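I have placed the structure first, in the form of C-alpha cells, so that the comments after it can refer back to it.
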Amino acid sequence: MSDTGTDVKVIDIRVAVPGTPVGEAAWEIAATVHVLAGEARSAASPVLVLLPGGGYGRRYFDLPDRGYSQADHHARRGTIVVALDHLGAGDSTSPGPDLTTLPLVAAANHAALTAVLERLRDGTLAAGAVPCVEISAVVGAGQSMGGHIAAAMQAQHRTFDAIALMGSSVIETTIPRRQPAASSVVPDQARTGILADLDWPWAFHWVEELSPLAAADIEAGIPVKTAALPWSSMTVPSLAVTLLEPGAIAAEVAAVDVPVLLVAGERDVVRPLLTEAAAFTSARDLAVFRLRRMAHMHNFAPTRHLLWERLDAFIAQAAGLASTSKALSTPTAAELP
C-alpha cells in the first residue's frame, strides 16, 4: 500500500482493565490509535499493535522528528496502529512490582486491546472520530521486552493473527561487548552502575551515524532512564528482570502457531536469528530479517524505514492468510444443512 498523503488522526485513550485488587483505583492501560482520516481509509483494515521495550513508552513508535514516526508510516499506508503502554510502564497504571509479572501484564494488554478493537468495530473509539472498522487482521509487534510480551499474549490468549519480535531474544538476551572504536561517544555517566563494562549506547544505538534523537536518548540514560523524554518510561514492569534469564519464555514461544517475523539490527541483543527461530517449533510461517546500520533501538537507526517496509509486507501477508482462513472456514451454500 502506498502513502496516501492524507491526514492521520492520533487519538489517546485510557482503557480500564480487570484484575484491580480490592481497595485500589481501577487499573488503566494508556493507548494511542493512529488511523487515516475519514474516507481515505479502506473498508477493511489491518490493525498493528505496537508494544515498547523496557525503559520506553508507546511514543517510541511516534518519535517527534520528521521521518521518525513508525506509527505514522504504517497509518499512511492504511494500517490502523494501536500503541500500548504496558501495565507498570509509561502512562499506564503502575501497581506494585510484585504484580507486574509476565502473565498479568499479558492479560492486561489483551483485555485493553480487546476493548480497543471492539470500539473500532462499533465506531465508539472516540465520540465518532473513527467510523465502524472491519478488521482484516490483528498483528502484534513488540520491540525488545515488548516482543516477549507479544509472544506471551499470543500463547496465553491467542490475541493476534501474526506476531513480530524486534530485538527480542527468546534464547538469552546477550548484550554486545564494548568496542574501543566507539568509546569516544560514550558519556561518562553511561560507564557506571549496572554492568558498567558494557557500552550501552553502542549496543542500543547506531552511534556511527548518531541522530539528535539518539543523542538525546543516550543522554537520558541507558539502560535505565534517569531523565524523562516524550518516548521514555521512568518505570519498568518487574517482568523485565525475569526475561533476562535464559529460556524465560521458552514455553510461550513453543506454543505460538501463527506467522512469526523475527527482526534484529546488525548490532543487537539477540543470538543469531536462525538460532532464535528454532525455538518457534509450532509457528506455521517463520521469517527472519536482519538490518545493517541498525542497533537495538531500531526506530532511531538510519535504516529504520527498511524495517517498517518489511513490517508492511508482513501485515499484508497476515491479512491475506486471515482472509483465506476465514473463507475456508465459511461453509458454502451446498454445505449448509
Checklist entry - Within the group A150, A106, A112, which residue is outside any loop (DSSP other than H, G, I, E, B), buried (at least 24 other Cβ atoms within 10 Å of the Cβ), more than 13 Å from the chain's Cα centre (by Cα) and not hydroxyl-bearing (S, T, Y)? => result A112
Next on the checklist: Could you list, ordered by first residue, the pairs with Cβ atoms under 8 Å in which the first is in the range 15-28 and under 20 Å from A83 (Cα atoms) and the second is at pLDDT below 80 and assigned to a loop (DSSP other than H, G, I, E, B), at least 6 apart or interchain?
Outcome noted: W27/G19; W27/T20
Next on the checklist: Out of everything in the range 115-147 that is buried (at least 22 other Cβ atoms within 10 Å of the Cβ) and assigned to a loop (DSSP other than H, G, I, E, B), what residue ends up being modelled with the highest pLDDT?
Outcome noted: S144
Checklist entry - Within the set of pairs 6 or more residues apart or between chains, which connect a residue that is modelled with pLDDT of 85 or more and of a type outside the set (D, E) inside the range 171-184 to a residue that is part of a helix (DSSP H, G or I) and surrounded by fewer than 16 Cβ atoms within 10 Å (Cβ to Cβ) with Cβ atoms less than 9 Å apart? => result I171/A250; I171/T275
Next on the checklist: Take the conditions within 19 Å of the chain's Cα centre (by Cα), more than 23 Å from V47 (Cβ to Cβ), of a type in the set (G, A, S) and part of a loop (DSSP other than H, G, I, E, B) and apply them to A240. Does it pass?
Outcome noted: no
Next on the checklist: When you check F160 against the structure, is it at pLDDT 95 or above, within 19 Å of the chain's Cα centre (by Cα) and within 16 Å of M294 (Cα to Cα), yes or no?
Outcome noted: no
Checklist outcome for this item: Of (1) within 18 Å of M234 (Cβ to Cβ); (2) without any contact (Cβ under 8 Å) to a residue 24 or more places away in the chain, G57 fails just (2)
Checklist entry - Here are some residues: A301, A277, A295, A313. Which one is farther than 18 Å from L51 by Cβ, in contact with a strand residue (DSSP E or B) (Cβ under 8 Å, 6 or more places away or on another chain) and without any contact (Cβ under 8 Å) to a residue 40 or more places away in the chain? => result A277
Item to check | Residue within the range 280-291 that is within 19 Å of Y60 (Cβ to Cβ), in a helix (DSSP H, G or I) and either β-branched (V, I, T) or at pLDDT 95 or above (or both) present | outcome: no
Item to check | First in the range 240-258 and surrounded by 13 or more Cβ atoms within 10 Å (Cβ to Cβ), second anywhere and among the acidic types (D, E) and part of a loop (DSSP other than H, G, I, E, B), Cβ under 7 Å, 6 or more apart | outcome: V258/D161
Next on the checklist: I'd like the full set of residues that are within 14 Å of E208 (Cα to Cα) and surrounded by fewer than 23 Cβ atoms within 10 Å (Cβ to Cβ), limited to the range 259-302.
Outcome noted: E266, R267, R292, R293, P302
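Residue-by-condition table, conditions (1) within 24 Å of L239 (Cβ to Cβ); (2) in contact with a Gly (Cβ under 8 Å, 6 or more places away or on another chain); (3) without any contact (Cβ under 8 Å) to a residue 12 or more places away in the chain:
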residue	(1), (2), (3)
L63	no, no, no
T93	yes, no, no
A107	yes, yes, no
V130	no, yes, no
Checklist entry - Does T20 satisfy being of a type in the set (S, T, N, Q), under 15 Å from the mean Cα position of the chain (by Cα) and within 27 Å of A127 (Cβ to Cβ)? => result no
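This table checks each residue for (1) charged (D, E, K, R); (2) touching a helix residue (DSSP H, G or I) at 6+ places or on another chain (Cβ under 8 Å).
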{"position": "T101", "(1), (2)": "no, yes"}
{"position": "L117", "(1), (2)": "no, no"}
{"position": "G147", "(1), (2)": "no, no"}
{"position": "F160", "(1), (2)": "no, yes"}
{"position": "E172", "(1), (2)": "yes, no"}
{"position": "P176", "(1), (2)": "no, yes"}
Checklist entry - Would you say E252 is modelled with pLDDT of 95 or more, farther than 21 Å from A203 by Cβ and among the acidic types (D, E)? => result yes
Checklist entry - From V224, V270, V263, which residue is part of a loop (DSSP other than H, G, I, E, B) and in contact with a strand residue (DSSP E or B) (Cβ under 6 Å, 6 or more places away or on another chain)? => result V270
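The values are calculated or read from the model by the stated rules, or taken from the named source; none is laboratory data. From a predicted model like this one, the values you see are computed outputs, not experimental measurements. We place every Cβ from the backbone using ideal geometry, glycine too, and count neighbours over all the protein chains shown.
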